[in-house]
Every structure is written in structure tokens, then in C-alpha cells.
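I have a structure here, written as C-alpha cells, and I will follow up with some questions on it.
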2 protein chains.
Amino acid sequence: MTERPLDVVGIGNAIVDVLAQSDEAFLAAKGLAKGSMTLIESEVADRIYAAMGAGVECSGGSAANTMVGVASLGGRAAFLGKVKNDQLGEVFMHDIRAVGVEFTTPPTTRGAGTARCLIMVTPDGQRTMATYLGAAVEFSEADVVSGTISSAAYTYLEGYLFDKPSAKAAFRKAVDLAHESDGKVALTLSDSFCVDRHRDDFLALIDHGVDVLFANEAEIKALYRTRTFDEALQAMRGRNLIAALTRSEAGSVIVKGEDIHVVEATKVARVVDTTGAGDLYASGFLHGLARGMTLAASARLAGFCAAEAIGHFGARPQGNLAKLAAGAGMT
Amino acid sequence: MTERPLDVVGIGNAIVDVLAQSDEAFLAAKGLAKGSMTLIESEVADRIYAAMGAGVECSGGSAANTMVGVASLGGRAAFLGKVKNDQLGEVFMHDIRAVGVEFTTPPTTRGAGTARCLIMVTPDGQRTMATYLGAAVEFSEADVVSGTISSAAYTYLEGYLFDKPSAKAAFRKAVDLAHESDGKVALTLSDSFCVDRHRDDFLALIDHGVDVLFANEAEIKALYRTRTFDEALQAMRGRNLIAALTRSEAGSVIVKGEDIHVVEATKVARVVDTTGAGDLYASGFLHGLARGMTLAASARLAGFCAAEAIGHFGARPQGNLAKLAAGAGMT
């Protein structure tokens, strides 16, 4: 692959996160499955927000967080996603551009407001999310800018976008544009419930041309309907793609054809909030691949970035990942 | 004083904070005096925000933070201040009510948006603020609800509000209402530049009927135009009010008539961000007074609350202050 203007372009939901401390009783009362993401309508969002504790707002969105991580690692990243031209949309655009991610998707000027993700963090550091997609559902094929896709080494797709029919068409267009320009396509399954909802579409997209697949244990088991992680792992072997399978504190397993790497997790002094751990894992892995690092070295860098996210409240890196990773001998 | 439905009602600017890491060169380039608060217009706010790093949004406002601290200590608090009915206004109203502070001031429905304070935190933990007041300037005498003032043991006034002529009238009304119902009036000078701007009005208000005065070293020196802290301290002696004079890591000095207490600061393991330290100092002191604690014990509780704010990013308490203070033997 020749040097390109962009290392990675991410496509995903443009969301502002609202984080608040919570407990299990609250999740049960609101019917939210702990550790997962539930899509909610405007009225439900209002109801949950009214009952939540005082929060902190910060820009989020899974693929957007990943792109911020790539930029923090010194990579060249772009993001495609939809906000409205309201206050939270302004916050989202400011924050992603402030760290050097290219973001040019025009905001909508009418209809629902910028997407919000209500994140309830339980004392064990786990996060449970309720997302009101708002303006993010307006993202369509027209927003998949061919010049951006063709200038990137990797096009990274967020599985959550599969919850919107118009986004599925946008994804297929992105895959085709990437391959036409000899770029690679990466996909994250995002959430096991999301996989349950769109299993056939995910399998079809993977066959259609995914080069790098990100999934955690629950997601890969949901995709192949296996009982154990090992069964899902065997299902990935011998295929013409790279699978990066994450297992929280058990580290990650990388599969490429018959090649398998089992990589330890980076130790975390104190688990504060796991929000963003998967997102920043993807940052490290994609950045490593784009910069020609080996699979194992990329997975170690990925785990290092995930650990940074776990050590603080919020999904985006607080430190300069490039410096931190260099200091730790990761790059 | 008989038991009242409210311990404290605060009157101040209803603001959403935008916090971002920064450095001294940035402050110099933007013409901002380190450690102080500068009032800015809409266009300047846009320019500074565009140049700032990625941020975190959380509800703020000095007196509002203080009321949140009182509620976190288990006190009964209310707040009067003005937001617009926009997204940031919704965030402000949610957060202050979520911790149990009564907030009923009707939002404006037209004109400028909810106030924003751009807070640049330098590596030494100092915060420099640029505030766009927006809808907060609409606060007027009509918003000083007599029933709320008369039901509170203390009415707490934020000096920053002096930057708006209509708010000065509102302050005088609040002082008169409080005294008519045998309530006490507390005032914070807020900022030395604010004192420079409105020195005569502050002196007149203090004479008109302030029972508890909060000021840091720079503010009290600005008020009495003295060269040293000790000269200002002597100017406070023999007066018919309580002065709580804060000195950062040197603790605080309480003056009441001829009575003087010098109270050590609570040790802070690591200074993360001093935003909110003064605000939460006032929470602890007012809560202590309202609950009949001695001056010295109230000052120690105040210092304890300030230390909690300094240990994390953001102005409002992250823990339950009532539990933390009880655990530390402060209450």
C-alpha cells in the first residue's frame, strides 16, 4: 500500500455523551441491560435523563472516539457522521477538530437534535448506555464522500450504524469506494445486541469485503451463534481477514488465516470507567497496521490505548497517546 | 434563628462550564490574565473556543456550585439564576436539580443562549476563565422570589453578578427581603478584577447589610486597596460581620468583630484543578453556620470541601460531601 493522505477514516454516529455515576438498581428500574447499549426514543431519553444524577458532557460516538485516538497517536484521521447545527453539535464539531481529526460532514439544520448517549457508570467501572440517535439517523450515502474514502489507508465502520437502514446502504458504498482505491475496510461489531438485531447483514457485509474485524467475546459469539469463545475463534480461522478479538482483562486474540496471536492486557492500576476501552483498542490496532507494525505489536499498542481509557472517566484519551505509547516502548 | 425550610438560597450566574487543558502561551496569546475571570462577548467566545483543545462540559456558575455543595453536605439549598430554554440550559437545570437543589427561575425563550464559561486549566492546576454571559444577563429583580428568600436562613450573593446593572437592583432587593424575614446575607467578592470594576458598589452593599463576607487575598486587598493581606485583615476587624478570608494552601482566616481564627488548609494529595475550590469553601462554611457549628469548625469543614474540589477536574463535588465529611470527623 502506498502512503496516503489519511491513515484512517471512520464512519459512525456523531454523539455527545452524558456521563453520570449510577447503580444497578437504577439500571433495573429503567429496564437497561448492564454493559450494553439500548436505543431509545426522545421521550424515553427525557425520562431517563430526568432520573439520572448530575452529569458531565463530552463528545463521544464509538468510531469518532477511535478517530480521536488515532489522531492522538499521531495518525492522520477523518470522521464522517451527522450532527445538527445546535449547541451539542457545536460541541461535537469543536472537540473532534480540536485534536486534529478532519470532520466536514455538513450538519442538518432541521429536525431532531444532535444525538445523545446517556452513560450510567456503575461502581465497578462498567458502563451502560442509552442512546437517542436524533440527527445521527440522517447520515446517508450522500455523506460518504468518495475523495475522503479513497485517500485513506483504512475505512473504519461502526456497527452501531446498522440500526439505520439508510446507513447500511452508506456502508456498502464505503466498502466499494475503499476497495476501488485499494484501501482496506475495518468493521467493529459494536455490541452483541446490535449483532443479534442485524446478524445476517453483518455476515453479508463481512463476506462483501471486510479486511479487519473488531469484536469482543459476546459479539463474536453472537455473530457465529457459538456457546464458547473458542468455538467462535475456530470459526474465524482460515479466513481472508484479520480478526481482533478483545477479552477485557484477559487481553486480546488476533487471528489472520492460520496465524494466531494471544496478547496480554496492559495492567490498569484502577478501573475507573471502561467507556471507550474498545474504541481506543481499535485506535491502537489500526494505527499500528497503518504504520506497518506487526499484528502482535499492533495488538499490544491497542491494549495500551484501551488501558489509558479505562484509567479515567470518559471515552477519549486524556493524555497524548503518541508520547505515552513511545514512553512505554510501544511504538 | 428558628429552623427554616432552606439553609441557603444562592443567587448567581447560571453557567455551563467548558473545561480544557491549556498552557500559559495560549492564555497570553488570547490576552487572558491567568487565574482570573474575563467577561467576553459572543464573537470572542467563538474565537477562543475555536482555538481551545477538546473540552468537557459540566454545569457551573460560582453560587450554583456552592448550592450544589450545600446539598451534597445534606443541606437544603435553592438557586436563583437565568438560563435559556436551549440544550445547555437543559443541562444546567438537570444537573442542579439532580443533586436536590431547588431551582425554579423560568428560562428565557428568546435572545442570547445559556451562559458559557470557557475554563483553561494550566498544568499547575490553576484555572483561567473567559465567560460569555448570554441569557444570564436577563436575571432581574423580578426573579428574586420573596417566598424563597424568606424561607432561607442564608441568602448567598455572587459578586460576579455585579457586572450587570439590573442584577445590582436584584441584589439590593434580596438583601432587604432577607433582613425583613430575619435571614442573614452572605456575599462573595468572586474575583479581584470584579472588585476593581465595582469597588464602591461592593462597599455600599457591605454597609447596606452583608452578614458574611467571602474573599480571597487578592479580592480583600482590592476591596480595601491595601498592599498586604494583613492590612486588609486589620480593616475587617471590629466590624459587625463575619469575614471568611481564603488563602489557598495557606488555609483561611476568619474574622468576627475582635475574634480571629487562623485555620490550616486540608492537605490535597495532588492538585488537579482548582476550579470550584472557593465555591465549595463557601458551601462548607455556610452549611456549618446554618447547622450551628462554631466559626472554626465551619472553616475546617469549608477547607475540607475545597480540598475535595481541588482533587479532581471540574467545579462540583464528585463524592457525597456529607459522607466524606462525616468520615473525616468534620461534622
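Please treat every number below as a calculation from the coordinates, not as lab data. Predicted model, so just to flag it, every value in this text is computed and none were measured. A quick note on method: Cβ atoms are made from the backbone with ideal geometry, for glycine too, and the neighbour counts reach across all protein chains shown.
Connecting C-alpha atoms closer than 10 Å in a GNM of chain B, tell me which of B:LEU27, B:LEU19, B:LEU177 has the biggest fluctuation.
In the Gaussian network model the winner is B:LEU27.
Which one, A:THR148, A:LEU233, A:ALA328, projects farthest toward the positive side of the charge dipole computed for chain A from Cβ point charges (K/R +1, D/E -1)?
Sorting the options by dipole projection puts first A:ALA328.
Once Rh is set to the Kirkwood radius over Cα pairs, what Stokes-Einstein translational diffusion coefficient, in µm²/s, holds for region A:166-226 at a temperature of 25 °C and a viscosity of 0.890 mPa s?
Value of D from the Cα-based Kirkwood radius: 206 µm²/s.
Copy-to-copy spacing for B:GLY327, label 7 Å out on the Cα-to-C-beta vector, in nm, shortest first?
So the label point of B:GLY327 gives 2.8 nm to the other copies.
If I build a Gaussian network model for chain A, linking alpha-carbon pairs within less than 10 angstrom, which residue out of A:ASP273, A:ASP196, A:ASP143 has the largest mean-square fluctuation?
Of A:ASP273, A:ASP196, A:ASP143, the Gaussian network model singles out A:ASP196 as fluctuating most.
Projected area of region B:45-181, taken from the Cα convex hull and averaged over every viewing direction, in nm²?
Orientation-averaged projected area of the Cα hull: 9.1 nm².
At q = 0.12, 0.16, 0.20 Å⁻¹, what log₁₀ I(q)/I(0) does region A:180-265 have when each alpha carbon counts as one equal point scatterer in the Debye sum?
Listed by q, the Debye log ratios stand at -0.32, -0.58, -0.91.
I need the inter-copy label distances for A:SER146: point set 7 Å along Cα to C-beta, values in nm with one decimal, smallest first.
For A:SER146, the other copies' label points sit at 7.2 nm, shortest first.
Something else about it: Along the three principal axes, how long is region B:6-327 when you take its alpha carbons, biggest first, rounded to the nearest angstrom?
Projected onto the principal axes, the Cα atoms of region B:6-327 cover 51, 41, 41 Å.
Expressed as a whole number of Å, what is the distance separating the alpha-carbon centroids of region A:31-61 and region A:266-331?
26
Moving to a separate point now. Which is the longest stretch in chain A that no exposed loop site breaks, taking sites as trypsin sites (Lys or Arg not before Pro) with a DSSP loop state and at most 10 other Cβ atoms within 10 Å?
Within chain A, the longest run free of exposed trypsin sites (Lys or Arg not before Pro) spans A:111-226.
Using a 10 angstrom Cβ neighbour count of at most 12 plus a DSSP loop assignment to flag exposed GluC sites (Glu not before Pro), which longest range of chain A is free of such sites?
Between exposed loop sites, the widest span is A:42-257.
Rounded, prolate or oblate, given the Cα gyration tensor of region A:127-252, with a/c below 1.5 counting as rounded?
oblate
Right, another one. State, in angstrom, two size descriptors of region A:1-115 derived from its alpha carbons: Rg to one decimal place and Dmax to the nearest whole number.
16.2, 53
If you don't mind, there's one more thing I want to ask. So for the protein assembly as shown: antiparallel DSSP bridges make up what percent, rounded to the nearest 5?
Antiparallel bridges: around 40 percent, rounded to the nearest 5.
Quote the charge dipole size of region B:6-327 about the Cα centre in Debye, to the nearest 20; the model charges only the Cβ of Lys and Arg (+1) and of Asp and Glu (-1).
Magnitude of the dipole: close to 280 debye.
For chain B, what is the percent of antiparallel DSSP beta bridges, rounded to the nearest 5?
The antiparallel fraction comes to roughly 40 percent.
Based on DSSP, what percent of beta bridges with both residues in region A:32-191 are antiparallel, to the nearest 5?
Antiparallel bridges make up about 35 percent of those DSSP assigns within region A:32-191.
Placing a label point 7 Å from Cα toward Cβ, how far apart in nm is A:ARG197 from its equivalents in the other copies, listed shortest first to one decimal?
Label-point separations across copies, in nm and ascending: 4.8.
Give, to the nearest whole percent, the P(r) tail of the protein assembly as shown beyond 49 angstrom, counting all Cα pairs.
19
Binned at 10 Å from 0, what are the whole-percent values of the Cα-Cα distance distribution for region A:228-321, short to long?
Reading the bins upward from 0: 18, 47, 28, 7.
In addition: In terms of Cα to Cα distance under 24 Å, which lysines are near enough to B:LYS256, apart from those fewer than 8 places away along the same chain?
B:LYS184, B:LYS221
At what distance in angstrom do the alpha carbon centres of region B:90-125 and region A:87-165 lie from each other?
25
Compute a Gaussian network model of chain B, connecting alpha carbons closer than 10 Å, and tell me which residue from B:GLY311, B:GLY257, B:GLY113 fluctuates the most.
Top of the fluctuation ranking is B:GLY257.
If you take each beta carbon of peptide B:17-29 and count the beta carbons of other chains within 10 angstrom, what is the mean?
Across B:17-29, the average partner-chain Cβ count within 10 Å equals 1.
Mind checking which lysines have their C-alpha under 20 Å from B:LYS164, skipping anything on the same chain fewer than 8 residues away?
Correct list for B:LYS164: B:LYS82, B:LYS84, B:LYS173.
Remind me, relative contact order of region B:6-327 in percent, using alpha carbon pairs under 8 angstrom and six or more residues apart?
Relative contact order here is 19 percent.
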